[in-house]
1. In the range 52-107, how many are closer than 12 Å to Ala134 by Cα and in a helix (DSSP H, G or I)?
2. What are the pairs, 6+ residues apart or on separate chains, where a residue within the range 168-179 that is buried (at least 20 other Cβ atoms within 10 Å of the Cβ) has its Cβ under 8 Å from a residue that is part of a loop (DSSP other than H, G, I, E, B) and among the aromatic types (Phe, Trp, Tyr)?
3. Hey, any hits in the range 67-78 for a residue that's among the basic types (Lys, Arg), farther than 18 Å from Ala167 by Cβ and within 15 Å of the chain's Cα centre (by Cα)?
4. Take the residues in the range 78-117 that are at pLDDT 85 or above and closer than 17 Å to Arg182 by Cα, then tell me which one is surrounded by the fewest Cβ atoms within 10 Å (Cβ to Cβ).
5. Taking helices (runs of 4 or more DSSP H) that fall entirely within the range 118-210, which contain at least 1 residues that are farther than 19 Å from Pro101 by Cβ, at pLDDT below 75 and of a type in the set (Gly, Ala, Ser)?
6. Step by step: first the residues of the range 56-77, then only those that are at pLDDT 95 or above and among the hydroxyl-bearing types (Ser, Thr, Tyr), then the one that is surrounded by the fewest Cβ atoms within 10 Å (Cβ to Cβ). Which residue is that?
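The values are calculated or read from the model by the stated rules, or taken from the named source; none is laboratory data. Quantities reported herein were computed from a predicted structural model and do not represent experimental measurements. FYI the Cβ positions are ideal-geometry reconstructions off the backbone, even for glycines, and counts take in every protein chain you see.
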Amino acid sequence: MTWFKGGKSAVWICCLGLLFSAVSLEAQYFKPFTGLKVIRTARFDLIYPEASAKTAETLAGFADALYDRVSMLLQTSYPARIPVVISPHTDQFNGLTTTLPAISILLFDTVMEPEWTSFTNTLEGLFIHELTHALSLSSKSPFFKGLHRVFGGWVYPVALNAPLFMAEGAAVSFESLDGSGRARDPLVRGTLIQAVHENKFLSPFQVSGV
């Protein structure tokens, strides 16, 4: 009985640790004492410091339209507002989507890297990529939608049964719908052609770049 009580305490401590780590994830990408502002659109809360004001204002102009497009193509939607955190305090132009404790998007507003030169609009391409992750990972059957209403963002079955290369492949496909993006990148195409020429079968993980 003593071991069981200790085990329950350990489980609760682990859960609390996961919760606090998830909540503080975006905060780790800002310098200390950074003041933040918010732009509210129909679907998003864009959270940013003054240094990223121009990026936030630009994103606010097309974020909702992209949500409608991606949501229609995936045939799914997210029931709550999605926070989008924009941080200029990093060295890498990229982004990420978190699912715990709820869906949120983080965009790194900094110098562009070579792999992003295949985009006509880098901010739009990055946002579509992360938004595809957010909506595809949050898709649920009616049963799991019921669980989601009770337990919140902790219920996301797609993350448990979809291979990582499929989740990443879907995001890369959607970022490339307008004719640019990494799926249309001549370098990526050349890599695949070379693999075929050398009779080397690339795994889904290699092709998707995960």
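1. Number satisfying all stated conditions: 4.
2. Close Cβ pairs satisfying both conditions: Glu175/Phe119.
3. Residues of the range 67-78 among the basic types (Lys, Arg): 69.
Cutting the leftovers down to farther than 18 Å from Ala167 by Cβ gives us 69.
Remaining after also requiring within 15 Å of the chain's Cα centre (by Cα): none.
No, that holds for no residue.
4. Leu96
5. Numbers: elements: 122-137, 142-151, 158-161, 164-175, 186-197, 204-208.
So the answer is 164-175, 204-208.
6. Taking the candidates together, the pick is Thr58.
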